[in-house]
Amino acid sequence: MAAPRHQVLTETLLAAIADGTYPVGSRFPTEEQLCATHGLARETVRRALRRIEDLGLISRRPGAGTTVVATRPVAGYQPFVRSAEDLHTLAVETRISRPRSAEVVLDAAAARRVGADEGSQWFVVYGPRTRRSDHSPICWSEHYLRPDLPRDLILRVSFQPEDLARQPVEQIISAALLTDEMAQALDAEPRSAALVITRRHYGTDGRLASVGIHTHPADRYQISTRIS
């Protein structure tokens, strides 16, 4: 499956920043220039620029243009997502290393974590999540899928941002302690504090379809938002 056009443009522009074509402090091409140079629609260019801005490489200010501020991403991984595009990027750029799977029946504690009924059956895939680029551990991921749904939904990246945008997603931030298994996989201290991002995906019928629970060592990540 061919990569989306905005993703290809993002990678092209990141490479141009890294090789010095656009050095730190220089003006970055405008949306109009990028549209003309690459033959792309404005929204495609905007998606690419938003991604590069989120990585901390450019600064965009109304009336002042876009300036290159770094040559390497200052935050290659963002645990908190703000759009369907962010969700798709996470799926494309990271993966569960040595995943394990099981059919489970939720007890009371698991039901509270997942947000489903106690005693309900789910298919779960779990393990340490790593970057595809360097295989460094990011978090401990658990993906729960309703058993009547196709398992390809979580076993491989077979969706586009447009597919996600059509389905409601509830995102919850909470705190927890790393279990011994999580700590060993993530090279962290057992029973140390953790940041937990839970995403509950609902179908168009309003039923809970899948749940991702991502547990991060608290001393490695923070959530930052920009208010303008």
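Quick look at the values:
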{"quantity": "Nearest 10 degrees, 0 to 90: helix 84-93 Cα axis against the chain principal axis", "calculated": "80 degrees"}
{"quantity": "Cα shape, the stretch 84-217, gyration tensor, a/c 1.5 rule", "calculated": "oblate"}
{"quantity": "Cα-Cα pairs of the chain separated by more than 20 Å (percent)", "calculated": "64 percent"}
{"quantity": "Residue of ALA176, ALA48, ALA108 that the Gaussian network model of the chain assigns the largest fluctuation, springs spanning Cα pairs under 10 Å", "calculated": "ALA108"}
{"quantity": "Kirkwood Rh, Cα atoms: Rg over Rh of the stretch 5-68", "calculated": "0.92"}
{"quantity": "Per-residue [θ]222 nm for the chain (sum of -39500 (n - 2.57) over DSSP H runs n ≥ 4, rounded to 500)", "calculated": "-8000 deg cm²/dmol"}
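We did not get these values from a lab; they are worked out from the coordinates using the rules stated. Here the structure is a predicted model, which is why all the values come from computation and not from measurement.
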